[in-house]
């Protein structure tokens with residue numbers, strides 16, 4: 001039997017399959033399942049144009065159980081990726097968050113959001129929430145969700161008066177938006193890999209740095225204006241090559257994307273190029289700021305190795321805890337790629353094995369009981385505050401808060417000779433730094449693979465392919481005498497200088513396997529795990545934003561400057577005999593667009609603005625660069 005989850009992951013590497021269609025597949029019904037389901041036998045499908053308060057009608061498909069002997073809750077998925085197939089007699093192969101839920105019996109509803117496919121109105125990217133609506137013309141995704149649920153309750157037979165929502169990635173954003181000023185009947189919602197803030201941490205930017213394949217691949221198709229109501233997707237972008245590193249390097253500065261390829265046909269791309277700082281355009285799209293007075297129960301789901309939306313679930317969960325403390329919220333973080341809990345068995349990623357089918361555990365022990373309890377009053381629910389998978393140790397953990405209480409902050413300090421230690425180095429002698437030359441014409445690749453899209457395995461990829469590059473610094477501990485388990489956010493606190501006026505700094509936390517680590521069985525790629533450098537977490541900081549995303553400032557050439565940023569959370573055990581490594585570099589291409597290393601508007605920069613820079617990383621007090629980690633006691 002073909003593993004369709006694996007197929008979807010590899011297919012975008014071929015011509016004409018941009019990253020968009022990975023998102024489309026993840027946003028649609030999940031393909032991974034324990035057993036097949038004959039949707040047409042168990043469900044009947046109907047299609048509707050549901051009116052919103054301003055008169056705009058949204059295309060909606062309703063799958064109702066054929067067994068009408070009981071009443072069922074409504075489970076809603078709102079999507080910009082199409083509710084296809086269209087036509088009353090055309091059925092999805094699978095419906096709902098999982099086959100378990102479809103078999104359980106729910107009224108499962110899919111809706112094209114405003115301005116997409118067969119829905120009327122104008123589409124807006126991450127429509128800003130309007131907390132003080134003043135009339136029927138004042139709409140947002142919260143009001144559209146409210147009006148949809150109100151209509152469904154009145155017009156769909158055999159509903160029990162309760163509604164739930166779920167969605168992965170962009171539909172995860174809509175699930176999060178739905179719990180703002182929620183309809184009273186909305187009792188449970190599950191934003192999964194939700195987009196929370198696409199300038200600070202999700203999808204298109206990380207700490208102000210553009211994630212180039214995300215933005216280019218996605219917007220080249222998704223960002224095109226539709227000709228009118230349509231069931232057809234926009235055409236794919238044809239790269240003409242499978243080599244993304246070469247394609248983006250030869251494209252040149254970001255301004256060439258529109259000149260060479262988009263020709264003003266991608267208005268959202270042009271909007272992004274006009275908003276190079278965290279201005280009102282981006283602030284209005286920030287989701288966590290509105291997580292107030294949340295009344296539905298919320299199950300927030302994310303993956304530790306989600307290259308698109310690791311920030312979103314963590315940020316939304318923390319915002320609910322801070323701003324709506326009486327709400328019933330649970331955080332689930334598993335060892336998954338983007339949507340992996342619905343699209344794979346969750347037992348492996350690349351060369352890393354997790355010891356069990358983690359997706360089955362989530363679907364059967366967490367997701368199904370959650371919706372059954374709140375929407376059907378069925379069973380008992382004993383979910384803790386956080387259900388979190390510990391990578392490295394390969395086990396599920398339950399906590400009553402996240403980060404957990406039983407942790408202490410420790411610092412990993414850089415030392416001379418590429419050493420890393422929990423002990424701080426002695427005071428500076430004046431030459432306690434390491435340096436490298438960062439050349440934008442020869443940027444450090446983010447993966448050893450030749451591919452046109454981003455992929456997913458790079459989130460755990462063996463970093464030995466860049467370990468010996470002169471523009472990558474590596475520091476490692478001795479072999480650990482005992483396990484070290486981290487839980488919570490990782491913060492890089494660097495002291496740096498540059499010969500330029502702007503720089504990127506990428507910090508990677510790595511688990512180095514012992515030299516006698518056994519190889520995987522089977523091992524078709526002949527990868528040797530002895531000395532394997534598993535990427536645990538990596539993140540970029542654009543130095544111009546070190547003080548503020550709103551008001552960037554240049555670096556002063558040669559001046560030692562503090563640059564501190566979060567690498568996001570992790571829950572990982574570095575096992576006895578392993579080593580902990582930190583790598584530092586100034587490019588991660590083409591995952592991150594090239595920094596000219598000159599304080600200019602990067603979105604309008606010319607080739608002449610790109611320059612080599614000498615970067616120094618300082619190691620001793622008062623400029624002792626280190627990583628702050630939360631270690632279990």
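Structural remarks
- Förster radius 45 Å - calculated FRET efficiency between residue 150 and residue 356, Cβ distance, rounded to 0.05: 0.60
- Calculated P(r) tail over 21 Å for the range 407-632, as whole % of Cα pairs: 56
- Fully extended contour minus Cα-Cα distance, from residue 42 to residue 426, at 0.36 nm per residue: 131.2 nm
- Where labels lie 7 Å past Cα in the beta-carbon direction, separation of residue 608 and residue 551 in nm: 3.1
- Estimated from the Cβ-Cβ distance and a Förster radius of 51 angstrom, the FRET efficiency linking residue 241 and residue 71 is about 0.40.
- Cα gyration tensor shape for the chain, rounded if a/c is under 1.5, else prolate or oblate: prolate
- Rounded to 5, percent antiparallel among DSSP beta bridges of the chain: 70
- Mean-position separation - Cα centroids, the range 518-563 and the range 64-141, in angstrom: 38
- Packing, as the average of other Cβ atoms within 10 Å across residues, places the peptides 369-382, 519-532 in the order 369-382, 519-532, highest first.
- Rounded to 0.05, the FRET efficiency of the residue 395 and residue 263 pair, given R0 = 60 Å and the Cβ-Cβ distance, is 0.70.
- The range 407-632: antiparallel DSSP beta bridges as a percent of all, rounded to 5: 95
- Added length on full extension, which subtracts the Cα-Cα distance from 0.36 nm per residue, residue 521 to residue 442: 24.8 nm
- Extension reserve of the residue 411-residue 137 stretch, reckoned as 0.36 nm per residue once the Cα distance is removed: 93.3 nm
- Annotation for residue 157 and residue 601: the two label points, set 7 Å from Cα along the Cα-Cβ direction, are 6.0 nm apart.
- For the range 451-498, the Stokes-Einstein estimate of translational diffusion at 10 °C and a viscosity of 1.306 mPa s comes to 107 µm²/s, using the Kirkwood hydrodynamic radius over alpha-carbon pairs.
- Modelled spin-label separation between residue 382 and residue 576, with each label point placed 7 Å from Cα along the Cα-to-Cβ direction: 3.1 nm.
- Rounded to the nearest 10 degrees, the angle from helix 141-155 to the longest Cα principal axis of the chain is 30 degrees.
- Estimated 222 nm signal from helices in the chain, with DSSP H stretches of n ≥ 4 weighted -39500 (n - 2.57), rounded to 500: -5000 deg cm²/dmol
- Ordering of 391-399, 169-177, 581-589 by packing is 169-177, 581-589, 391-399, highest average first (other Cβ atoms within 10 Å, averaged per residue).
- Tilt relative to the chain, helix 212-222 - C-alpha long axis, 0 to 90 degrees, to 10: 20
- Rel. contact order, % - alpha carbon contacts under 8 angstrom, at least six apart, the range 151-202: 37
- Relative contact order computed over the range 407-632 (Cα-Cα under 8 Å; 6+ residues apart), in percent: 39
- Sorted ascending by nearby beta carbons within 10 Å, beginning with the fewest, 241, 330 become 241, 330.
- Relative contact order (percent, whole number), the chain, Cα cutoff 8 Å, 6+ residue spacing: 15
- Cα-based shape type of the range 176-320, given that a ≥ b ≥ c are square roots of the gyration tensor eigenvalues and the cut on a/c is 1.5: prolate
- Computed from Cα atoms, the angle from the helix 311-323 axis to the main principal axis of the chain rounds to 70 degrees.
Since every read-out is calculated from the coordinates, none of them should be taken as a lab result. Since the model is a prediction, treat every value here as computed from it, not as a measurement. Ideal geometry is used to build each Cβ from the backbone, glycine not excepted, and the neighbour counts take in all protein chains shown.
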